[in-house]
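The values are calculated or read from the model by the stated rules, or taken from the named source; none is laboratory data. Keep in mind the model is a prediction, meaning the values are calculated, not measured. All Cβ positions, glycine included, derive from the backbone under ideal geometry; neighbour counts span all protein chains shown.
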């Protein structure tokens, strides 16, 4: 079956290209990191601040994005390209993903803060969108040697051999009956660190408390989750939700390149992703399909069925 305007053969070729490109870009990330702890590079990775002290860019971000963009442009000159660093340097903040032009959406180094500290949770994230919809996703964390890949209709995979989610036999375990109790919940601190009710950090801390507190506490909001995790990379949060290691991921403020590849992988693994805006009536509300550019997301791992 063709996916929109692409035949299966064409999509298979693009998928294979994306996977190899992810491996090659990840190798560049790893080599740049190794040059530091092997003594052949800077001891501390130099970086520049963008919008805040935790929104930073390194030369590695820019070099790897340039490599990815050149590779794609040479192979598929008619495709559009959106990369985090290219976009950040532009004056416009408009939504740039076309509903008609096949588009590559790339974060060359998701988890830049982690990378500068040599914390291993960083990756390259490459998504291919058809009609604005994440169709192919490649997320490669070279320090961990973890390669997550997916193409619509072909499943999601870890290191090209293990189908996701990991726990499948005899069946994918359902979500706990008292969810979010018994779940592992993932969320990042984010870039907005304003200390006040107008900032996202205040809202997130309140949510952390609600999720972690014992059942019945905090005015009945206590969720008693098993644990909360912050990897420092939204892309890897989504990949781990696809893997089944995380049950729930919630995040606000994400850009398209933060989530596009992870969405493709999560959906092919049977997971659900939607907006995190609460409905007026939870009992009757329908779950809307995820929309890139919404900036606020809620993801849930596959629950079987």
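Things worth noting here:
- Condition met for residue 128 (at pLDDT 95 or above, outside any helix (DSSP H, G or I) and in the same structural domain as residue 12 (by TED's automatic domain parsing)): yes
- Qualifying residue in the stretch 272-283 (condition: in contact (Cβ under 8 Å) with a residue 60 or more places away in the chain, closer than 20 Å to residue 166 by Cβ and in contact with a helix residue (DSSP H, G or I) (Cβ under 9 Å, 6 or more places away or on another chain)): no
- Inspection of the stretch 8-19 finds a residue satisfying the criterion of being at pLDDT 85 or above, touching a helix residue (DSSP H, G or I) at 6+ places or on another chain (Cβ under 7 Å), farther than 17 Å from residue 119 by Cα and assigned by TED's automatic domain parsing to the domain that holds residue 110.
- Residue match in the stretch 167-185 (condition: touching a helix residue (DSSP H, G or I) at 6+ places or on another chain (Cβ under 7 Å), buried (at least 24 other Cβ atoms within 10 Å of the Cβ), within 22 Å of residue 273 (Cα to Cα) and in contact (Cβ under 8 Å) with a residue 12 or more places away in the chain): no
- Among the residues making up the stretch 131-146, those that are touching a strand residue (DSSP E or B) at 6+ places or on another chain (Cβ under 8 Å), under 27 Å from residue 101 (Cα atoms) and not in a loop (DSSP other than H, G, I, E, B) are 134, 135, 136, 137, 138, 139, 140.
- Number of positions in the stretch 234-254 that are farther than 17 Å from residue 292 by Cα, touching a strand residue (DSSP E or B) at 6+ places or on another chain (Cβ under 8 Å) and not in a helix (DSSP H, G or I): 4
- Number of residues in the stretch 186-214 that are free of Cβ contacts under 8 Å to residues at least 12 places away in the same chain and in a loop (DSSP other than H, G, I, E, B): the value is 8.
- Hits in the stretch 250-269 (condition: over 10 Å from the mean Cα position of the chain (by Cα) and at pLDDT 95 or above): 267, 268, 269
- Odd one out for residue 230, checked against (1) buried (at least 18 other Cβ atoms within 10 Å of the Cβ); (2) in contact (Cβ under 8 Å) with a residue 40 or more places away in the chain: (1)
- Any hit, the stretch 290-300, residues being crowded, with 24+ Cβ neighbours inside 10 Å and assigned to a loop (DSSP other than H, G, I, E, B): no
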